[in-house]
Amino acid sequence: MDKYSRLRQLLEQRQEQHLYRRLRITESPQQPVMQVNGKMMLTFCSNDYLGLANHPEVIKAFQQAANQYGVGSGAAHLVNGHSRLHQQLEEALAEFTKRERALLFSTGYMANLGLVAALAERPDTVYQDRLNHASLLDAALLSSAKRVRYPHNDTQQLAKRLEAQSTGQKLIVTDGVFSMDGDTAPVKALASLAKQHEAWLIVDDAHGLGVLGETGAGLLEAEHLAQEDAVLMGTLGKAFGTAGAFVAGSTDLIEYLIQTARPYIYTTAQPPAIAAASLASLKLIQAESWRREHLKELIQMFRHGAAQLGLALMPSSTAIQPILVGENAKAVAISQQLEQMGMLITAIRPPTVPPNTARLRITLSAAHTQEQVERLLAALNQVVNT
């Protein structure tokens, strides 16, 4: 068997198991109604939770910065790629999250790789929630530390594992909002365990930042956890509607990451125009709390309607509202039926989720209307309950 025959065989296996994934081509901005594969679709699968990806003020900031700074940043932050706009965004994010410093990364994946691998070494142990995002799992793998996974949100099992460790540093790593289930980590209990065991607590709040908390600063704000309680990783490509990510924490931590985090040191900085757009998004998040309130209302409306229809919802109070299906083929079939009706909801299958837990991952946005959510419920009733 030549090497390409092996690849074709593996691809065929994925198709037989209903695990094959295909690209869709969009020809419009991120918004509830989009042109996808040449067809207008009502979408419930974007992470643009506050509807800012296509906001006029964000677009204007991007355009003006591109005119002033050009397109590419040209180099890594530590060479000559760190613009005034990057610096302003880092300072604004630190103030927003009530941390001493913030450090920009090009993606959330790279932020997690850089953060965990910088803090964890061979004698250390990284404790991961069983449902953590792939980037966190890969981050621990990239470090030379021992890796231990605990049952989802099970702080008692985590405590037993922490007590059994006798050498090296301890790092507790968790999603804030779990991206495929929509539930949240028990960060207060985790912070207590971290303090008890002198461990680092790292929270990837990619899906909470901008949405949760009194000002939108995320799950750590909602749970009143300060800088000394947890290190925050936040992304800008979801509720902020732009791109990139950051780590927020103490001055000592950020200075250490600047010196040691490989995805930061050896990567070209994101374009300055992205930083300008993110600054504009941050101002909107702070000024327009109605977006978070409207999103909460839509979430409650959807859950109430889904419960009346007997849909198999998962225990989530966030914008991520999965409907558990189970079989891969069935999840794909339902997604395809909805697509034929002009509604885009993707089927999530292993390895993104555990075996036999395929689901429809519905995400709501402040840009959605109540009428659109009603249409969603009517379509689900027609497709899922028939």
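The table below gives the values:
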read-out	value
Some residue of the stretch 227-235 being buried (at least 23 other Cβ atoms within 10 Å of the Cβ) and either more than 30 Å from Ala164 (Cβ to Cβ) or outside the structural domain of His133 (by TED's automatic domain parsing) (or both)	yes
Every residue from the stretch 163-179 that is over 11 Å from Asn132 (Cα atoms), touching a Ser or Thr at 6+ places or on another chain (Cβ under 8 Å) and surrounded by 21 or more Cβ atoms within 10 Å (Cβ to Cβ)	Lys170, Leu171
Count - residues of the stretch 126-162 that are out of contact with any His (no Cβ under 6 Å at 6 or more places or on another chain), in contact (Cβ under 8 Å) with a residue 24 or more places away in the chain and closer than 15 Å to Gln196 by Cβ	5
Some residue of the stretch 136-159 being within 24 Å of Ile348 (Cα to Cα), of a type in the set (S, T, N, Q) and out of contact with any helix residue (DSSP H, G or I) (no Cβ under 7 Å at 6 or more places or on another chain)	yes
Matching option when the condition is in contact (Cβ under 8 Å) with a residue 24 or more places away in the chain and surrounded by 14 or more Cβ atoms within 10 Å (Cβ to Cβ), among Tyr256, Tyr266	Tyr256
Output for the stretch 292-322, where each listed residue is among the polar types (S, T, N, Q) and surrounded by 13 or more Cβ atoms within 10 Å (Cβ to Cβ)	Ser316, Ser317, Thr318, Gln321
Residue satisfying all of: in the stretch 180-201; of a type in the set (Gly, Ala, Ser) and in contact with a strand residue (DSSP E or B) (Cβ under 9 Å, 6 or more places away or on another chain); surrounded by the most Cβ atoms within 10 Å (Cβ to Cβ) among these	Ala185
Residues located in the stretch 1-51, provided they are free of Cβ contacts under 8 Å to residues at least 60 places away in the same chain, farther than 24 Å from Arg359 by Cβ and assigned to a strand (DSSP E or B)	Gln35
Residue ID - surrounded by the fewest Cβ atoms within 10 Å (Cβ to Cβ), chosen from residues in the stretch 6-32 that are farther than 23 Å from Arg349 by Cβ and under 22 Å from the mean Cα position of the chain (by Cα)	Pro29
Flag for Gly310 being closer than 22 Å to Asp183 by Cβ, in contact with a helix residue (DSSP H, G or I) (Cβ under 6 Å, 6 or more places away or on another chain) and not hydrophobic (A, V, I, L, M, F, W, C)	no
Some residue of the stretch 329-351 being within 30 Å of Ala217 (Cα to Cα) and surrounded by fewer than 19 Cβ atoms within 10 Å (Cβ to Cβ)	no
Among the candidates Thr215, Thr167, residue that is in contact with a helix residue (DSSP H, G or I) (Cβ under 7 Å, 6 or more places away or on another chain) and of a type in the set (S, T, N, Q)	Thr215
Qualifying residue in the stretch 371-378 (condition: in contact (Cβ under 8 Å) with a residue 12 or more places away in the chain, closer than 22 Å to Ala329 by Cα and in contact with a strand residue (DSSP E or B) (Cβ under 6 Å, 6 or more places away or on another chain))	no
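The values are calculated or read from the model by the stated rules, or taken from the named source; none is laboratory data. Note that the structure is predicted; figures quoted are calculated from it, not measured. Neighbour counts are summed over all protein chains in view; Cβ atoms, including those assigned to glycine, are modelled from backbone coordinates with ideal geometry.
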